[in-house]
1. What is the one condition in (1) within 19 Å of Asp66 (Cβ to Cβ); (2) free of Cβ contacts under 8 Å to residues at least 24 places away in the same chain; (3) not small (Gly, Ala, Ser) that Glu19 does not satisfy?
2. Regarding the range 44-60, can at least one residue be identified that is modelled with pLDDT of 90 or more, within 13 Å of the chain's Cα centre (by Cα), part of a helix (DSSP H, G or I) and surrounded by 11 or more Cβ atoms within 10 Å (Cβ to Cβ)?
3. Working only within the range 1-23, note down all residues that are at pLDDT 70 or above and either exposed (fewer than 10 other Cβ atoms within 10 Å of the Cβ) or among the β-branched types (Val, Ile, Thr) (or both).
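The values are calculated or read from the model by the stated rules, or taken from the named source; none is laboratory data. Computed from a prediction, not measured in an experiment: that's the story for all the values here. All Cβ positions, even for glycine, are placed from backbone atoms using ideal geometry, and neighbour counts span all protein chains on display.
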Amino acid sequence: MEKMDMKMLEELGESEYRELEYVYCKLRDLKTSIAQMHDDFVAQAIPPEFEKVEAIHLMVNEVFDDLERYMRPICDPDSAYKTVRREE
């Protein structure tokens, strides 16, 4: 039984790391896009095009939805995402 628990903990750790890595990469892309929009605005005093703002908006929603799906069972045990959470 102890070996089974260690295996489950190891898999959980790998899963959490992959999710963290994914979110980090998406946030890095967002940071780069926002920094570029900021720099362009400061240099040209022209607001960003709607398409750029919309792209960032969609990226933020995607990252948040993916992270929420993963984190919500931990933060809100009564959530609808119980299948993601390990039985205790």
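1. Just one mismatch for Glu19, condition (2).
2. So far as the range 44-60 goes, yes, one or more of its residues are modelled with pLDDT of 90 or more, within 13 Å of the chain's Cα centre (by Cα), part of a helix (DSSP H, G or I) and surrounded by 11 or more Cβ atoms within 10 Å (Cβ to Cβ).
3. If the condition is that a residue be at pLDDT 70 or above and either exposed (fewer than 10 other Cβ atoms within 10 Å of the Cβ) or among the β-branched types (Val, Ile, Thr) (or both), then Val23 is the only one that fits.
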